[in-house]
Amino acid sequence: MADTKEHAYGLIARLPQAQLSAVVGLLEAMLDPVSHAIANAPPDDEPESEEERQAVAESKTWFERQGGQGIPHEEMLAEFGLAPNDFQKRKD
């Protein structure tokens, strides 16, 4: 195992900055417990109910009537009294 880590360290040391950022992101995702759980979760094999099929069909019909255009994100947020920068404030 020590040889494998040393080999990994050597490869990482040779990477240019742009690729290093990608590798760091990958390693963080691999070590994040939620990402790990999602990656290893079994596929959703629950059968779709008739009610779900109907809801999907209705949503597709609605979308087609809108000319293939959804509702802009800002408009949806406004319906709830929110603006895009409100989420930035909550992060801080």
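FYI, it's all coordinate maths here, none of it is from the lab. The shown structure was predicted, so the numbers you read here are calculated from the model rather than taken from an experiment.
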For the stretch 42-57, 3J(HN,Hα) per residue [Karplus equation, 6.51 cos²θ - 1.76 cosθ + 1.60, θ = phi - 60°, Hz, x = Gly/Pro]: x, x, 6, 10, 6, x, 6, 7, 4, 4, 5, 4, 5, 4, 5, 4
query: Whole-Hz Karplus ³J(HN,Hα) for the stretch 17-25, in order, using 6.51 cos²θ - 1.76 cosθ + 1.60 and θ = phi - 60°, x for Gly and Pro?
result: 3, 4, 6, 4, 4, 5, 5, 4, x
- prompt: Taking θ as phi - 60°, what are the ³J(HN,Hα) couplings along the stretch 80-85 by the Karplus curve (6.51, -1.76, 1.60), each to the nearest whole Hz, with x for Gly and Pro?
  reply: 9, x, 10, 10, x, 6
